[in-house]
1. Could you tell me what percent of the accessible area of the chain is made up of carbon and sulfur, with a 1.4 Å probe and every protein chain present?
2. Kirkwood hydrodynamic radius (Cα pairs, Å) of the chain?
3. Enumerate the lysines that K259 could reach by cross-link, defined here as Cα to Cα under 28 Å, with residues fewer than 8 away along the same chain left out.
4. Where nothing but the Cβ of Lys and Arg (+1) and of Asp and Glu (-1) is charged, how large is the charge dipole of the stretch 216-255 around its Cα centre, in debye to the nearest 20?
5. Put +1 on the Cβ of every Lys and Arg and -1 on every Asp and Glu Cβ in the stretch 6-210; which of F156, T18, A201 then has its Cα farthest towards the positive end of the dipole?
6. Please label the shape of the stretch 216-255 as rounded, prolate or oblate, based on the square roots a ≥ b ≥ c of the eigenvalues of the alpha-carbon gyration tensor (a/c under 1.5 means rounded; beyond that, a/b larger than b/c means prolate, else oblate).
7. As a check on your grasp of the helix formula, calculate [θ] at 222 nm for the chain: sum -39500 (n - 2.57) over DSSP H runs of n ≥ 4, divide by the residue count, round to the nearest 500.
8. Just in the stretch 183-266: which GluC sites (Glu not before Pro) are loop by DSSP and have at most 11 other Cβ atoms within 10 Å?
Amino acid sequence: MTMVDRKVCNAATGKKSTSRCYICGATSKDFIKLDYTRDVNFAALEFGISVLHARIRIFECILHLAYKLQVKKYRGRKSKEEKDLEDKTKKEIQTRFRTETGLIIDMPKSNFGNTNDGNTSRRFFENPKLAAEITGINYELIYRLKVILEAISSGFKIDPVKYERYALETARIYVNLYDWHPMTPTMHKILVHGAVIIEKALLPIGQLSEEAAEARNKHFRCYRQDFARKFSRKDCNQVIFNRLLLSSDPLLSSIRTVKKRKAETFLPETLAMFVSAESNILSENSSESDEET
Ligand SMILES: [Zn+2]
């Protein structure tokens with residue numbers, strides 16, 4: 001269930017509005033209240049944390065916050081000057097990203113969606129100093145979000161207590177600086193419910209990413225366009241399914257040569273959040289010596 005997207009999560013948990021948190025039911029005005037106990041719907045935790053989309057959504061949240069930074073109004077009535085100022089800021093940010101990093105940000109694409117995809121958001125967080133300078137958003141906040149995203153997408157086991165401390169402190173920084181712009185439901189989920197989702201997940205949370213399913217989208221398009229019969233929708237889907245099954249067959253997958261990935265390096269803050277192999281050995285040794293005594 002960790003591969004489904006947020007629309008499915010909302011539908012499956014009976015939440016009609018996408019602006020509500022599907023885990024605790026809070027709306028965007030409640031997201032700024034950090035110190036109250038929430039009724040957590042434990043069944044909703046099986047949807048995981050959707051690491052890949054989390055990075056895109058958090059990146060967009062920072063962008064939209066940056067566009068409004070000078071007007072300091074989230075919704076509601078805006079004068080013409082305020083609207084113009086917002087548009088002007090948006091254009092300036094887009095131009096600077098394009099000239100200084102080559103990134104095309106927040107532009108519609110000709111066929112589907114917009115340019116805010118996994119790669120753009122990854123590149124944005126690669127250089128938090130420049131991102132902070134261009135957007136005008138607090139550097140520490142962007143850096144901390146980078147650490148959190150790095151930790152949850154790493155595939156290593158995370159200590160939920162350390163994660164919670166770090167995430168809540170980050171949420172506090174956000175609320176202190178930008179209380180006029182509520183967090184998005186995704187940012188709320190990552191910062192407020194992240195620890196409990198990590199704790200309840202059977203595997204390290206980064207291994208439950210929806211990346212594998214997303215990587216098949218391009219195959220899906222190719223199989224439909226070049227290999228499927230088009231005279232009936234049913235037959236078309238049947239051919240696509242067969243081909244997806246064929247190409248994901250364990251035997252065929254095991255024959256395929258796997259590209260070696262570059263060894264990852266982590267930020268010190270991210271490393272500190274991992275459950276280290278050393279501490280596991282230490283706790284095992286101490287329990288052994290307890291038994292002896
Ligand atoms: Zn919530």
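1. 53
2. After inverting the pairwise mean of 1/r, the radius is 21.6 Å.
3. Within reach: K146, K157, K218.
4. The dipole magnitude comes to about 260 debye.
5. So the residue we want is T18.
6. prolate
7. After summing the helix terms and dividing by the residues of the chain, the value is -17000 deg cm²/dmol.
8. Counting only loop positions with at most 11 other Cβ atoms within 10 Å, the GluC sites (Glu not before Pro) in the stretch 183-266 are E264.
The values are calculated or read from the model by the stated rules, or taken from the named source; none is laboratory data. What you are looking at is a predicted structure, and each value in this text was computed from that prediction instead of being measured. Glycine gets a Cβ as well: all are built from the backbone with ideal geometry, and neighbour counts include every protein chain shown. Calculation scope for accessible area: heavy atoms of the full protein, side chains included, ligands and nucleic acids excluded. Shrake-Rupley method; radii C 1.70, N 1.55, O 1.52, S 1.80 Å.
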